[in-house]
1. If a residue has to be buried (at least 20 other Cβ atoms within 10 Å of the Cβ), without any contact (Cβ under 8 Å) to a residue 60 or more places away in the chain and of a type outside the set (A, V, I, L, M) to count, how many in the stretch 685-697 make the cut?
2. Would you pick out the residues in the stretch 477-513 that are outside any loop (DSSP other than H, G, I, E, B) and surrounded by fewer than 18 Cβ atoms within 10 Å (Cβ to Cβ)?
3. Would you be able to tell me the number of residues in the stretch 466-501 that are closer than 19 Å to Ser587 by Cα and among the basic types (Lys, Arg)?
4. Scan the stretch 540-554 for residues that are surrounded by fewer than 21 Cβ atoms within 10 Å (Cβ to Cβ) and among the small types (Gly, Ala, Ser) and jot them down.
5. Within the stretch 516-539, can you find the residues that are buried (at least 22 other Cβ atoms within 10 Å of the Cβ) and among the polar types (S, T, N, Q)?
6. Would you say Val499 is over 19 Å from Tyr727 (Cα atoms), within 36 Å of the chain's Cα centre (by Cα), in the same structural domain as Val682 (by TED's automatic domain parsing) and β-branched (Val, Ile, Thr)?
7. Output the residues belonging to the stretch 595-622 that are surrounded by 19 or more Cβ atoms within 10 Å (Cβ to Cβ) and not polar (S, T, N, Q).
8. Applying the selection to the stretch 158-167, what residues are over 17 Å from Pro117 (Cβ atoms) and assigned to a helix (DSSP H, G or I)?
Amino acid sequence: MRLPRPQTQTQHRARDRQIVRSLAHPGAWDNQMMRQQSAMVIRQSLPRLMTGLASSLFLMAGLMYLVERTGTEVNLAMVLELLKAISPGVLLGYTLIVLANTLARTVRYRLLLDTRPDAPKTDFGPLLVVTAVRNMVVDLLPARIGELVFVGLLKRACATPAASGLAAVALSLLLDIVVLVPLLLGVALVPLTGPALREGSFPAAVLLTTLSMVVALVLWPGFRLMARWCRSIGTNRPRLHRAVAFLLDVADALNRSRHGGTLGRALAITVVIRFLKYSGLTLLFYAVVSGPGVQDIDAVVTDVVAALVASEVGASLPIPTLMGFGAYEAGGAAALGLLGYPLALALLVLLTVHIVSQILDYAIGGICLVVFFLISPGRRDRRRSENASVSAPSHGRWSYIGAAALTLVLAGGLLVYQLDRVRSVRSLVAPPAGGITVSQDAAATPPDGLDGWVVWSSNRYGNHDILRMHLQGRHISRLTDHPHTETFPRISPDGRSIVFMRSRQPWVSLRDPVNWDTYLLNLDSGQERLLAEYAGTPSWSTDGQHVYFQRRGSAFVEYELSSGKERVLLRSGVGGIPAGVELQTPSFNAETEGLASTWRGTQRKTVINYSNGTTISIGGGCQITWSPRGRFVYWVDRGGLMENRLYRQIPGKDMVEPWLDLPAPYSHEYFPKLNRGGRYLVLGASAGGHEHDVADYEIFLWQVGAPADQVQRLTFHSGNDNWPDIYTD
């Protein structure tokens, strides 16, 4: 007896398809599947969008809370200023890169879709339009619903079967993962990259390799095994016959892509896609970093690319966010934080980059969506069953929508709490000039025998200028009259000059440590002299021969007046100061070579750094300053009637002494400064407002050791007065 010849794999597939197609027409299943998917998308989009928006708000609020814990801030006003500062040339270059990337994606989709030798080629024009729309909806709709919309658009505009569309989407996802593996391995093996980046890249590459293998197993044997399993259990279940046919269609489309070098060519195109994408985002990143209010840093390209990859991974996690906001920033900020960059800087830059990229994606996608409706064939013969399939939400779905709405309200409230300072702070918006609140005749007279004057910064004339008040007559004169912001005046030891910082544009917030220049003003002649660019918070040496300042927030520099030479004394990243630390209001003791400063950025505290590398941590607070003879330091910290008070401490001693807390209503103290003899202190205080260049601070004079209720108010104006200094004869 002659046994029948075993059937080949191809014959098995042909038999499977013949059996299934005899039970159900594949086109009917294809159309029904797409109608059901469309109905599902419509029913689930609203609650998913609400949940995604709530998750994004929660994540953004959490990130802003972490930033606030570092002593810095990120708000929408800062983002707006960075957006406005991006040059048209950068935007044009990024737009061209995005368009080139869209073209490359279209070429890849066409290659993956046109695998049937007997089928007509997909029209490139409609496919390009659908691809551009896909770039918009894939981020707008959470949980990858956007990919299903893309498949539906392909079927309508290009007559692409749903099975082929799903196969192309799955293969594109796999290729996007695979192409990142050599990138991460290269970063891990390049000795020029930082150790933190190398240590984190190799495990990430191993993880992506494992993920790629799992996805490949699911795509190729997985679909066919699933179809056979469904067929085995569905002999008497006609509804499963159509599902089996669809799964076999997807499996065939996936198998065809493995032949003829399709995957290899698609992988090469994917490399181009990734290169264009990260090139454009890197261009945006550096454009934003160079914007106003951003701490000057030397961002390494590999660090930037690693952060962008981490952002993309964060946005791809199964977290229902809207447009990836929150998850995108969290992933990139975590990477930059591990690499030593300030969290506030990471969040500010990544959020700005994300907004720009989304605006452009939606602009291009919106235009192409209009074109799509113009070129796609009509559906006038839509049956009533399609309309009926979009049923009203059930009771359970209404409960889901209600829960999503409640979550959205709670998340919005949390974000509003974090963004409340955008309204009251307006840190990048010039404050109003205000007006006189009470007659200066009501002011108390200065202490007996005190003859001298006070300088400070005030915006009572429209913008912040340097003013001077003689204590005996209380006469106020205007020392500077410039359209840019001028603040932080410091009097020379002989009282003949002052140094101050002037903004490099009409308005710069005091939160910006970068965009300032330091000037010297001769009080006798009224002549100004530019000492240093990108230099702020200046101070004098005890002999009056040198001026100190911080540059770009990260370096403390000594300037010799006679020669104009500069010398960097301390810098973030060396001398016991961690990288990424911003040195705020540094105060130098030349005798001990100790720099007292407030750390912000990667660490938050008040510290004294010595030239030998020794570091003494004072604690929290801010605005730490050496006393004139260097016996103690004094600063502002929490406590007191309105959240804070003045403290002082002898370095090296454990005893911290509460020093001054003014009585109400002006008990929110800042800007303390002793005179040269240490007997008198001037400071600013508000009735609760905090922002240093916006709130209504008034200037006060205190005789050291006197009761706090004997402090004397010097200014009476509803504008902003800040950073006083005093000179006594």
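1. Residues in the stretch 685-697 being buried (at least 20 other Cβ atoms within 10 Å of the Cβ), without any contact (Cβ under 8 Å) to a residue 60 or more places away in the chain and of a type outside the set (A, V, I, L, M): 2 in total.
2. Selection gives Ser477, Arg478.
3. Residues that pass the stated criteria total 1.
4. Once the filter is applied, which keeps residues that are surrounded by fewer than 21 Cβ atoms within 10 Å (Cβ to Cβ) and among the small types (Gly, Ala, Ser), the stretch 540-554 yields Ser541, Gly544.
5. Thr518, Thr537, listed by residue number.
6. Values: over 19 Å from Tyr727 (Cα atoms): no; within 36 Å of the chain's Cα centre (by Cα): yes; in the same structural domain as Val682 (by TED's automatic domain parsing): yes; β-branched (Val, Ile, Thr): yes.
The answer is no for Val499.
7. Of the residues in the stretch 595-622, the ones surrounded by 19 or more Cβ atoms within 10 Å (Cβ to Cβ) are 595-602, 606-609, 618, 621-622.
Answer for the stretch 595-622, where residues must be surrounded by 19 or more Cβ atoms within 10 Å (Cβ to Cβ) and not polar (S, T, N, Q): Leu595, Ala596, Trp599, Arg600, Gly601, Val607, Ile608, Ile618, Gly621, Cys622.
8. Once the filter is applied, which keeps residues that are over 17 Å from Pro117 (Cβ atoms) and assigned to a helix (DSSP H, G or I), the stretch 158-167 yields Cys158, Ala162, Gly165, Leu166.
The values are calculated or read from the model by the stated rules, or taken from the named source; none is laboratory data. Because the structure is predicted, anything quoted here is derived from the model rather than measured. Using ideal geometry, Cβ is built from the backbone for each residue, glycine included, and neighbour counts are taken over all protein chains shown.
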